[in-house]
1. If you take every residue apart from B:Thr102 with its C-beta less than 12 Å away from the C-beta of B:Thr102, what net charge results, scoring Lys and Arg +1 and Asp and Glu -1?
2. Roughly how many Å² of B:Asp207 are accessible to a 1.4 Å probe, to the nearest 10?
3. Using only the heavy atoms of the protein chains and a 1.4 Å probe, how would B:Val57, B:Val95, A:Val73 rank by accessible area, largest first?
4. Is chain A rounded, prolate or oblate when judged by the Cα gyration tensor, a ≥ b ≥ c being the square roots of its eigenvalues, rounded requiring a/c under 1.5 and prolate requiring a/b larger than b/c?
5. Applying 1/(1 + (r/R0)^6) with R0 = 51 Å to the Cβ-Cβ distance of B:Thr144 and B:Leu55, what FRET efficiency is obtained, to the nearest 0.05?
6. Find the sum over both chains of the accessible area lost when B and A are paired, probe 1.4 Å, and report it in Å² to the nearest 100.
7. Do any residues of the range A:81-97 show a loss of at least 50 square angstrom of accessible area between the isolated chain and the full protein assembly, using a 1.4 Å probe, and if so which?
8. Given H placed on each backbone N at 1.01 Å, which residues far from A:Ile3 in sequence or on other chains put an amide H within less than 5 Å of it?
Amino acid sequence: MPIDKSMNVLIVDDYKTMLRIIRNLLKQIEFNNVEEASDGAEALSKLRSGNYGLVISDWNMAPMTGLQLLQEVRADGRLKQTPFIMITAESKTENVVAAKAAGVSNYIVKPFNAETLKDKIEKVLGHA
Amino acid sequence: MPDQHARRDVLLAERLAEIRANRPETDTELVAEVVRAVLTTMSGDLTVHDTALLLEVEELGRTIANAKLEIAALKVDDITGSHIPFATDELDAIVAHTATATDAILESCETLDAVAGTVSGETADKLQDATTRIYEACSFQDITGQRITKVVTTLKTIEEKVARNIATFGHKTAALPSLPAVVLTPEEELLNGPQLPRQAMDQTDIDKLMSSFD
(Lines give C-alpha, C1' and ligand atoms only; values in the text may rest on other atoms or scores of the structure.)
Protein backbone atom coordinates (compact mmCIF):
# COMPACT_ATOMS: atom_id res chain seq x y z
CA MET A 1 0.00 0.00 0.00
CA PRO A 2 1.56 3.35 -1.00
CA ILE A 3 2.28 5.79 1.80
CA ASP A 4 0.20 8.95 1.83
CA LYS A 5 2.90 11.61 2.00
CA SER A 6 0.38 14.43 2.19
CA MET A 7 -0.43 13.49 5.80
CA ASN A 8 0.33 15.89 8.65
CA VAL A 9 3.46 14.95 10.55
CA LEU A 10 4.20 16.36 14.00
CA ILE A 11 7.85 16.58 14.99
CA VAL A 12 8.69 17.23 18.64
CA ASP A 13 12.09 18.33 19.98
CA ASP A 14 13.36 21.00 22.35
CA TYR A 15 16.37 21.69 20.07
CA LYS A 16 15.31 24.03 17.29
CA THR A 17 18.23 22.89 15.19
CA MET A 18 17.06 19.30 15.39
CA LEU A 19 13.52 20.28 14.38
CA ARG A 20 14.99 22.06 11.37
CA ILE A 21 17.12 19.05 10.41
CA ILE A 22 14.23 16.58 10.68
CA ARG A 23 11.89 18.92 8.79
CA ASN A 24 14.42 19.20 5.93
CA LEU A 25 15.05 15.46 5.83
CA LEU A 26 11.29 14.83 5.72
CA LYS A 27 10.97 17.36 2.91
CA GLN A 28 13.61 15.45 0.94
CA ILE A 29 11.46 12.34 1.15
CA GLU A 30 8.41 14.37 0.18
CA PHE A 31 6.66 14.84 3.50
CA ASN A 32 5.82 18.51 3.17
CA ASN A 33 3.08 18.95 5.78
CA VAL A 34 5.22 19.09 8.88
CA GLU A 35 4.41 20.88 12.11
CA GLU A 36 6.63 21.39 15.13
CA ALA A 37 6.34 21.34 18.93
CA SER A 38 9.10 22.02 21.44
CA ASP A 39 7.96 19.67 24.23
CA GLY A 40 5.45 16.96 25.04
CA ALA A 41 2.79 19.29 26.44
CA GLU A 42 2.73 21.49 23.34
CA ALA A 43 2.68 18.40 21.14
CA LEU A 44 -0.24 16.87 23.03
CA SER A 45 -2.20 20.09 22.67
CA LYS A 46 -1.55 20.14 18.90
CA LEU A 47 -2.40 16.46 18.54
CA ARG A 48 -5.72 16.89 20.36
CA SER A 49 -6.73 19.85 18.23
CA GLY A 50 -5.41 18.59 14.89
CA ASN A 51 -5.21 15.58 12.66
CA TYR A 52 -1.81 13.93 12.35
CA GLY A 53 -0.76 10.74 10.61
CA LEU A 54 2.63 10.44 12.30
CA VAL A 55 4.46 11.71 15.39
CA ILE A 56 8.26 11.84 15.50
CA SER A 57 9.41 12.80 18.98
CA ASP A 58 12.52 13.33 21.06
CA TRP A 59 12.54 11.82 24.56
CA ASN A 60 14.49 14.21 26.81
CA MET A 61 12.29 17.31 27.07
CA ALA A 62 10.62 19.33 29.82
CA PRO A 63 8.04 19.72 31.25
CA MET A 64 6.60 16.68 29.47
CA THR A 65 9.04 14.10 28.13
CA GLY A 66 8.64 12.13 24.94
CA LEU A 67 7.82 9.00 26.93
CA GLN A 68 5.05 10.80 28.82
CA LEU A 69 3.74 12.15 25.52
CA LEU A 70 3.70 8.62 24.12
CA GLN A 71 1.81 7.35 27.19
CA GLU A 72 -0.75 10.19 26.85
CA VAL A 73 -1.20 9.46 23.15
CA ARG A 74 -1.74 5.75 23.75
CA ALA A 75 -4.22 6.51 26.54
CA ASP A 76 -6.27 8.84 24.35
CA GLY A 77 -9.13 7.12 22.56
CA ARG A 78 -8.84 9.26 19.44
CA LEU A 79 -5.02 9.34 19.22
CA LYS A 80 -4.04 5.87 20.40
CA GLN A 81 -3.53 4.42 16.90
CA THR A 82 -1.26 7.28 15.75
CA PRO A 83 2.13 5.94 14.62
CA PHE A 84 4.81 7.23 17.00
CA ILE A 85 8.56 7.16 16.33
CA MET A 86 10.99 8.07 19.11
CA ILE A 87 14.22 9.77 17.96
CA THR A 88 16.51 10.14 20.94
CA ALA A 89 20.05 10.03 22.29
CA GLU A 90 18.79 7.72 25.07
CA SER A 91 20.32 4.44 24.01
CA LYS A 92 20.14 2.23 27.09
CA THR A 93 18.29 -1.05 26.97
CA GLU A 94 15.90 0.09 29.71
CA ASN A 95 14.91 3.09 27.56
CA VAL A 96 14.07 0.96 24.56
CA VAL A 97 12.17 -1.49 26.78
CA ALA A 98 10.21 1.32 28.46
CA ALA A 99 9.35 2.91 25.11
CA LYS A 100 8.22 -0.41 23.70
CA ALA A 101 6.12 -1.09 26.80
CA ALA A 102 4.49 2.33 26.33
CA GLY A 103 3.62 1.45 22.75
CA VAL A 104 6.26 3.10 20.60
CA SER A 105 6.04 2.20 16.90
CA ASN A 106 9.77 2.45 16.25
CA TYR A 107 12.94 3.77 17.88
CA ILE A 108 15.79 5.75 16.29
CA VAL A 109 18.96 6.58 18.19
CA LYS A 110 20.74 9.89 17.64
CA PRO A 111 22.90 10.64 15.75
CA PHE A 112 20.90 9.06 12.92
CA ASN A 113 21.07 9.17 9.15
CA ALA A 114 18.44 9.98 6.54
CA GLU A 115 18.27 6.37 5.38
CA THR A 116 17.37 5.16 8.89
CA LEU A 117 14.66 7.82 9.20
CA LYS A 118 13.19 6.89 5.81
CA ASP A 119 13.34 3.18 6.59
CA LYS A 120 11.59 3.51 9.96
CA ILE A 121 8.87 5.77 8.56
CA GLU A 122 8.18 3.29 5.77
CA LYS A 123 8.06 0.39 8.23
CA VAL A 124 5.75 2.23 10.63
CA LEU A 125 3.38 3.63 8.03
CA GLY A 126 3.42 0.37 6.13
CA HIS A 127 2.08 -1.32 9.26
CA ALA A 128 -0.26 1.52 10.29
CA MET B 1 53.73 16.06 72.61
CA PRO B 2 56.89 17.74 74.13
CA ASP B 3 55.33 21.13 73.34
CA GLN B 4 52.16 20.16 75.17
CA HIS B 5 54.15 19.04 78.19
CA ALA B 6 56.15 22.25 78.25
CA ARG B 7 52.97 24.31 77.97
CA ARG B 8 51.40 22.33 80.80
CA ASP B 9 54.49 22.88 82.97
CA VAL B 10 54.38 26.60 82.31
CA LEU B 11 50.68 26.72 83.17
CA LEU B 12 51.32 24.75 86.34
CA ALA B 13 54.17 27.07 87.33
CA GLU B 14 51.97 30.11 86.71
CA ARG B 15 49.15 28.63 88.75
CA LEU B 16 51.58 27.86 91.60
CA ALA B 17 52.94 31.40 91.46
CA GLU B 18 49.39 32.71 91.68
CA ILE B 19 48.63 30.54 94.70
CA ARG B 20 51.89 31.62 96.23
CA ALA B 21 50.94 35.26 95.76
CA ASN B 22 47.50 34.84 97.28
CA ARG B 23 48.53 32.53 100.07
CA PRO B 24 52.17 33.25 100.88
CA GLU B 25 52.09 30.69 103.66
CA THR B 26 51.31 27.82 101.25
CA ASP B 27 54.06 25.33 100.85
CA THR B 28 54.60 25.19 97.05
CA GLU B 29 56.36 21.87 97.27
CA LEU B 30 53.29 20.45 98.92
CA VAL B 31 51.03 21.77 96.15
CA ALA B 32 53.29 20.32 93.48
CA GLU B 33 53.28 16.99 95.25
CA VAL B 34 49.48 16.97 95.37
CA VAL B 35 49.24 17.76 91.67
CA ARG B 36 51.73 15.03 90.83
CA ALA B 37 49.80 12.58 92.96
CA VAL B 38 46.53 13.43 91.22
CA LEU B 39 48.08 13.04 87.78
CA THR B 40 49.67 9.77 88.73
CA THR B 41 46.37 8.49 90.06
CA MET B 42 44.64 9.42 86.82
CA SER B 43 47.27 7.72 84.68
CA GLY B 44 47.08 4.71 86.89
CA ASP B 45 43.36 4.39 86.20
CA LEU B 46 43.88 4.16 82.46
CA THR B 47 43.99 0.69 81.03
CA VAL B 48 46.03 -0.21 77.95
CA HIS B 49 42.82 -0.14 75.96
CA ASP B 50 41.93 3.35 77.26
CA THR B 51 45.39 4.64 76.41
CA ALA B 52 45.18 3.22 72.91
CA LEU B 53 41.78 4.83 72.51
CA LEU B 54 43.10 8.17 73.70
CA LEU B 55 45.96 7.93 71.23
CA GLU B 56 43.48 7.16 68.46
CA VAL B 57 41.38 10.19 69.42
CA GLU B 58 44.48 12.34 69.51
CA GLU B 59 45.53 11.06 66.07
CA LEU B 60 42.05 11.74 64.72
CA GLY B 61 42.21 15.29 66.02
CA ARG B 62 45.55 15.78 64.34
CA THR B 63 44.19 14.40 61.04
CA ILE B 64 41.23 16.80 61.15
CA ALA B 65 43.53 19.72 61.90
CA ASN B 66 45.78 18.78 58.96
CA ALA B 67 42.78 18.39 56.66
CA LYS B 68 41.60 21.86 57.63
CA LEU B 69 45.01 23.30 56.82
CA GLU B 70 45.14 21.47 53.47
CA ILE B 71 41.67 22.65 52.48
CA ALA B 72 42.52 26.20 53.46
CA ALA B 73 45.63 25.97 51.28
CA LEU B 74 43.49 24.92 48.31
CA LYS B 75 41.94 28.39 48.06
CA VAL B 76 38.54 26.78 47.80
CA ASP B 77 36.86 30.14 47.34
CA ASP B 78 38.59 30.32 43.96
CA ILE B 79 37.01 27.02 42.97
CA THR B 80 33.44 28.03 43.76
CA GLY B 81 33.80 31.73 43.05
CA SER B 82 35.86 31.68 39.91
CA HIS B 83 37.01 28.39 38.37
CA ILE B 84 33.69 26.54 38.13
CA PRO B 85 31.57 29.54 37.05
CA PHE B 86 34.26 30.30 34.42
CA ALA B 87 34.17 26.71 33.15
CA THR B 88 30.36 26.60 32.95
CA ASP B 89 30.24 29.99 31.20
CA GLU B 90 32.79 28.78 28.66
CA LEU B 91 30.78 25.61 28.03
CA ASP B 92 27.59 27.64 27.61
CA ALA B 93 29.44 29.82 25.11
CA ILE B 94 30.52 26.73 23.17
CA VAL B 95 26.88 25.61 22.91
CA ALA B 96 25.82 29.08 21.73
CA HIS B 97 28.63 29.34 19.14
CA THR B 98 28.01 25.89 17.72
CA ALA B 99 24.27 26.62 17.52
CA THR B 100 24.96 29.81 15.56
CA ALA B 101 27.39 28.03 13.26
CA THR B 102 24.98 25.12 12.72
CA ASP B 103 22.15 27.51 11.86
CA ALA B 104 24.36 29.21 9.27
CA ILE B 105 25.31 25.85 7.77
CA LEU B 106 21.66 24.77 7.66
CA GLU B 107 20.62 28.00 5.99
CA SER B 108 23.18 27.51 3.23
CA CYS B 109 22.14 23.89 2.93
CA GLU B 110 18.49 24.89 2.50
CA THR B 111 19.56 27.25 -0.29
CA LEU B 112 21.38 24.39 -2.00
CA ASP B 113 18.31 22.21 -1.55
CA ALA B 114 16.20 24.86 -3.27
CA VAL B 115 18.71 24.97 -6.14
CA ALA B 116 18.53 21.16 -6.38
CA GLY B 117 14.81 21.56 -7.02
CA THR B 118 15.46 23.70 -10.09
CA VAL B 119 17.75 21.23 -11.83
CA SER B 120 17.23 17.63 -12.82
CA GLY B 121 19.00 14.35 -13.43
CA GLU B 122 22.36 13.48 -11.98
CA THR B 123 23.10 17.04 -10.86
CA ALA B 124 19.92 17.18 -8.79
CA ASP B 125 20.68 13.79 -7.22
CA LYS B 126 24.25 14.80 -6.35
CA LEU B 127 23.10 18.05 -4.82
CA GLN B 128 20.43 16.37 -2.75
CA ASP B 129 22.81 13.66 -1.63
CA ALA B 130 25.27 16.31 -0.47
CA THR B 131 22.64 18.30 1.41
CA THR B 132 21.35 15.13 3.07
CA ARG B 133 24.86 14.39 4.37
CA ILE B 134 25.12 17.96 5.68
CA TYR B 135 21.77 17.70 7.49
CA GLU B 136 22.85 14.43 9.07
CA ALA B 137 26.19 15.88 10.17
CA CYS B 138 24.52 18.94 11.70
CA SER B 139 22.77 16.76 14.26
CA PHE B 140 26.12 16.81 16.10
CA GLN B 141 24.94 20.05 17.67
CA ASP B 142 22.13 18.29 19.53
CA ILE B 143 24.41 15.53 20.83
CA THR B 144 27.27 17.84 21.84
CA GLY B 145 24.74 20.18 23.46
CA GLN B 146 23.37 17.32 25.58
CA ARG B 147 26.86 16.13 26.48
CA ILE B 148 27.91 19.63 27.54
CA THR B 149 24.75 19.98 29.63
CA LYS B 150 25.77 16.77 31.46
CA VAL B 151 29.25 18.22 32.12
CA VAL B 152 27.78 21.51 33.41
CA THR B 153 25.48 19.57 35.76
CA THR B 154 28.49 17.60 37.06
CA LEU B 155 30.50 20.80 37.60
CA LYS B 156 27.62 22.36 39.52
CA THR B 157 27.42 19.26 41.73
CA ILE B 158 31.17 19.54 42.44
CA GLU B 159 30.77 23.25 43.21
CA GLU B 160 28.00 22.49 45.70
CA LYS B 161 30.02 19.76 47.40
CA VAL B 162 33.10 21.98 47.68
CA ALA B 163 31.00 24.79 49.19
CA ARG B 164 29.56 22.31 51.68
CA ASN B 165 33.03 21.08 52.67
CA ILE B 166 34.18 24.65 53.23
CA ALA B 167 31.22 25.22 55.52
CA THR B 168 31.85 21.92 57.34
CA PHE B 169 35.49 22.81 58.05
CA GLY B 170 34.59 26.24 59.37
CA HIS B 171 36.07 28.24 56.53
CA LYS B 172 32.76 30.07 56.21
CA THR B 173 30.86 31.26 59.26
CA ALA B 174 27.47 29.81 58.36
CA ALA B 175 27.14 26.11 57.74
CA LEU B 176 24.88 25.12 54.87
CA PRO B 177 21.91 22.89 55.60
CA SER B 178 22.50 19.33 54.53
CA LEU B 179 21.30 18.43 51.05
CA PRO B 180 18.16 16.34 50.86
CA ALA B 181 18.77 12.96 49.30
CA VAL B 182 17.96 13.07 45.58
CA VAL B 183 15.11 10.69 44.86
CA LEU B 184 14.55 10.18 41.16
CA THR B 185 11.18 9.17 39.79
CA PRO B 186 11.16 6.11 37.49
CA GLU B 187 10.67 8.61 34.64
CA GLU B 188 13.74 10.64 35.66
CA GLU B 189 15.87 7.53 36.00
CA LEU B 190 15.45 7.03 32.26
CA LEU B 191 16.85 10.46 31.39
CA ASN B 192 20.54 9.69 30.93
CA GLY B 193 21.36 11.60 27.77
CA PRO B 194 23.86 10.39 25.20
CA GLN B 195 26.10 7.51 26.28
CA LEU B 196 29.79 7.22 25.46
CA PRO B 197 30.22 5.24 22.23
CA ARG B 198 31.65 2.16 23.96
CA GLN B 199 28.66 2.07 26.35
CA ALA B 200 25.90 2.88 23.88
CA MET B 201 23.70 0.61 21.82
CA ASP B 202 23.82 1.49 18.15
CA GLN B 203 20.87 1.43 15.74
CA THR B 204 21.53 -2.20 14.81
CA ASP B 205 21.39 -3.27 18.49
CA ILE B 206 18.20 -1.28 18.99
CA ASP B 207 16.59 -2.77 15.89
CA LYS B 208 17.40 -6.27 17.19
CA LEU B 209 15.94 -5.43 20.58
CA MET B 210 12.79 -3.96 19.02
CA SER B 211 12.40 -7.07 16.82
CA SER B 212 12.70 -9.32 19.85
CA PHE B 213 9.38 -7.95 21.14
CA ASP B 214 7.49 -8.92 17.95
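The values are calculated or read from the model by the stated rules, or taken from the named source; none is laboratory data. These figures come from a predicted structure and were not determined experimentally. Ideal geometry is used to build each Cβ from the backbone, glycine not excepted, and the neighbour counts take in all protein chains shown. Protein only, heavy atoms only, side chains kept; ligands, DNA and RNA dropped before computing areas. Shrake-Rupley method; radii C 1.70, N 1.55, O 1.52, S 1.80 Å.
1. Working: positive: A:Lys16, A:Arg20; negative: B:Asp103, B:Glu107, B:Asp142.
Every neighbour counted, the sum reads -1.
2. 50
3. Sorted by accessible area, descending: B:Val57, B:Val95, A:Val73.
4. Values: a/c = 1.22, a/b = 1.12, b/c = 1.10.
Rounded is the answer for chain A, as its axis ratio a/c remains below 1.5.
5. On the way: r = 55 Å, r/R0 = 1.08.
Taking R0 as 51 Å, the efficiency between B:Thr144 and B:Leu55 is 0.40.
6. Working: alone 16850 and 6930 Å², together 20490 Å².
The contact between A and B buries close to 3300 Å².
7. Residues shielded by partner chains are A:Ala89, A:Glu90, A:Ser91, A:Lys92, A:Val96.
8. The list, which skips near neighbours in sequence, is empty: none.
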